Amino acid sequence: MTENAAHTPDTTPYADAQVARDAAAQAAVNMRNDDLVPDALDRARATAIRTADAAHAEVAAAARAARDALTGPSRADVLTGRAPATADQVAVATIQRAQVQTLLDHGRTILDVIDAADENRVAALLSMVETLPDVLNATEPDALAVELQDRLFDRLVALGEADAVAAKQREATLAPLAAWAAVLTESENGGEVTSGARSALFRADEVGYQRVFASGAAYALDSRAIARLRSSQL
């Protein structure tokens, strides 16, 4: 079996950029200078925030580039690549489908069949997913079909199939990159980070999430004052 050893990207610079931008924005709000009249002080504050936003935007662009540069097979590539393409493969798939149906007719569950399948049986099951009785009778057939396809993919990984293992590794590497790209992009120039992006970051990089969204500094941000200075024409 091929070992599934995914490369974990260093996402510290992304968390650093988010924390630094927010800290700089709060420092700008807190800026005091008795030598400046109020309008001039607000201009200095706004300039400091825009400078911090520009540096943050550069890191957001770098995160998107890192995400987009990641190569390798996807889960969809692996699954569609199992479709029979030759006469011999079609013949094998036909035999496997008949055997699967016999197992199901004799009380085996579809999960039992998947978890014991070899590569040929996985390929046959992939062609059967949408017409399986469990799927056709499900309250949400599309969702169940996806769950079964994911389980079949995991079975290919467990079998050590090289393309499946590579795709699994790619997913593990991609997840934190994609999550940070989303968070940094959505928060450019003070934008609101959606709950979906936050959740994805928590799952992919909990340490980074805690630094950005659950620290004392995050709760101490004067968001209204920062937004006012960002939107000012000073």
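Where a number appears in this text, it was derived from the coordinates with a stated rule and is not lab data. In this text, all values refer to a predicted model and were calculated from it rather than measured experimentally. With ideal geometry, Cβ positions are generated from the backbone for all residues, glycine too; neighbour counts draw on all protein chains shown.
A few remarks follow.
- Net charge over other residues, Cβ less than 13 angstrom from the Cβ of residue 229 (K, R count +1; D, E count -1): +2
- Efficiency of FRET between residue 54 and residue 99 - r from beta-carbon atoms, R0 45 angstrom, step 0.05: 0.10
- With at most 15 neighbouring Cβ atoms within 10 Å, loop trypsin sites (Lys or Arg not before Pro) (DSSP) excluded, longest segment of the chain: 109-234
- Between the Cα long axis of helix 195-204 and the first principal axis of the chain there is an angle of about 70°, rounded to the nearest 10.
- Between the helical axis of 162-186 and the longest alpha-carbon principal axis of the chain there is an angle of about 30 degrees.
- Near residue 98: Cβ cut-off under 12 Å, other residues only, Lys/Arg at +1 and Asp/Glu at -1. The net charge is +1.
- Range of Cα positions in the chain per principal axis (Å), largest first: 86, 35, 28
- The angle between the Cα long axis of helix 141-158 and the longest principal axis of the Cα atoms of the chain comes to about 80 degrees, rounded to the nearest 10.
- In nm, spacing of pseudo-spin labels at residue 130 and residue 40 (7 Å Cα→C-beta vector): 7.1 nm
- Between residue 137 and residue 192, full extension at 0.36 nm per residue minus the direct alpha carbon distance yields a gain of 15.7 nm.
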